[in-house]
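> Handing you a structure now.
What follows draws every value from the coordinates through simple rules; no lab data is involved. Predicted model, so just to flag it, every value in this text is computed and none were measured. Cβ coordinates were reconstructed from backbone atoms using ideal geometry, including for glycine residues, and neighbour counts include every protein chain displayed.
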DNA sequence: ATTGATGAAC
């Protein structure tokens, strides 16, 4: 048929198919329409092929590899088709393919245009590969596109993602007529690099701010560990800024989780519901994590069970399994892992880390070995965290020699957290000889950690090697190791209280101390007779540990 | 047809 022009009948079919493609919701539907199109001879009709390409490359329910297969069959694809594929891969979980397609495009003698570059820059940003970003940048200059604002904005983001904040700033400075995206990209760049003072400065210099500006600032504070500051910015946003969206709330919930601020977290949950924000998987995962970290495991489960199984992904299962594990609900967390496998969600390295943590809390050595081995069997490589967790399991269970051998046989260098786990194990199980060996290595490895010196000093004190005990404390002073007081938070009626040892400035200090004394007396009464050794090994007495700030 | 953001374990 055809030779370039469509018959009246196929033109109608094409029109109908184009309309239906516009309504298409899934790859299955798309493939059916594609098949019908082919059977009517439309496989080279531009408008039809474009629709097939863009849906499969760009839609959320698309399939970029399908798009690429269709693309490969075109004899001389237009720049539109090349751009669609490059864009599709830049958003995929395999962004490096964008760059490969770009090379292919150059080899085919097709010149990239002003739309090609933002996708390529984005692919480099997502890869955090500065080398490829720089080559793309060079191409941009070579082809005279360096003053395109879209391209400049994407370059800011790329350099910031690659950790080169100086170049990001250079690009930002060079932009004539910066727009909101330019400012937001610079702000986000600083926030991502932990330069919060500069991020704050950019934020304050902005003439106009949208939800992304606020979200970037909040998220920056969260990533920087400034959770209270993050909450303060959110409160300000509520008062004078735009409405928060689901991305803002993910950061805010993370701040609540780190602060253990349950009441605040509940209020944020309510904010999400009241403002009808879309309940994405990411948001639900954040809620599960927040409730679990704030000690409200029942509420975490409630959110988790509210998600339909077919929608779940590995993130939310990990959050729930990990939450149960840290709550000491070992059986439940192992049961949930089985359920996860039944649903057909592939577990990853983090899943195994959560499971090993569960085993450590429950003293399940056999299960831990089983998980450690299945991790390897599933083709994953154990990270130093997996090894540390495994050492923790063995050390807590008192299998100190096995733990020590395990460390010696690892294919990687021992880390401070592994030796730290073994050290606590030695102390709890009274193997003070091994404690000395491990403690000495630990100080070598982590010479700026005050706790390591004090721990070893206490071991010497127990075995009455007073000189050694003293010399550990002296070594610490001599090396100028800062003694950092540990502190903790508790939230009561939505207000956060901070506790540090030996400070009594809190207004309710007296009352809290008398309650503390009462509790300690009760505990002592019910405990075995305590002796000096016990106290020394725990570094300080219970009162000292809990003293109010 | 373009640029800018978010989750799990230590």
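> What's the angle, to the nearest 10 degrees (0 to 90), between helix A:262-274's Cα axis and the longest principal axis of chain A?
So the helix axis and the longest Cα principal axis differ by about 20 degrees.
> Further, regarding this structure: With N set to the number of residues, divide the alpha-carbon radius of gyration of segment A:319-418 by 2.2 N^0.38 Å and report two decimals.
Working it through for segment A:319-418, the quotient is 1.03.
> One-quarter of the Cα convex hull surface for segment A:55-94, in nm²?
Values: hull surface 10.2 nm².
For segment A:55-94, averaging the hull's shadow over all directions gives 2.6 nm².
> Further question on the same structure: How large is the convex hull of the Cα atoms of segment A:120-172 per residue, expressed in Å³ as a whole number?
Values: hull volume 3.1 nm³, N = 53.
Spread over its residues, the Cα hull of segment A:120-172 gives 59 Å³ apiece.
> How far is helix A:432-445 tilted, in degrees, relative to the longest principal axis of the Cα atoms in chain A, given as a value from 0 to 90 rounded to the nearest 10?
The angle comes out at about 50 degrees.
> Would you mind checking the tilt of helix A:27-39 against the longest principal axis of the Cα atoms of chain A, expressed as 0 to 90 degrees and rounded to 10?
The answer is roughly 20 degrees.
> For segment A:199-263, take every pair of Cα atoms, bin their distances at 10 Å starting from 0, and report each bin as a whole percent.
Pair shares across the bins are 23, 58, 17, 1.
> Report the Rg/Rh value for segment A:241-392, based on alpha-carbon coordinates and the Kirkwood definition of Rh.
1.01
> So what is Rg over Rh here for segment A:1-160, counting just Cα atoms and using Kirkwood for Rh? The partial results should precede the final answer.
On the way: Rg = 17.3 Å, Rh = 16.7 Å.
With Rh from the inverse mean 1/r over Cα pairs, Rg/Rh is 1.03.
> Next up: What is the P(r) of segment A:52-137, as percent of Cα-Cα pairs per 10 Å bin from 0?
Binned Cα distances yield the sequence 19, 55, 25, 1.
> Next question. Quick one: check the C-alpha center-to-center distance for segment A:446-484 versus segment A:20-97, whole angstrom.
Segment A:446-484 and segment A:20-97 have Cα centres separated by 66 Å.
> Same structure, new question: Quick check on the exposure proxy: order A:463, A:391 from fewest to most C-beta atoms within 10 angstrom.
Ranked by crowding around the Cβ, least crowded first: A:463, A:391.
> Based on the alpha carbons, how large is the Rg to Rh ratio for chain A when Rh follows Kirkwood? Numbers along the way, then the final one.
Values: Rg = 29.5 Å, Rh = 28.1 Å.
Ratio of gyration radius to Kirkwood radius for chain A: 1.05.
> Another question, if that's okay. Ranked by Cβ crowding within 10 angstrom, fewest neighbours first, how are A:354, A:378 ordered?
A:378, A:354
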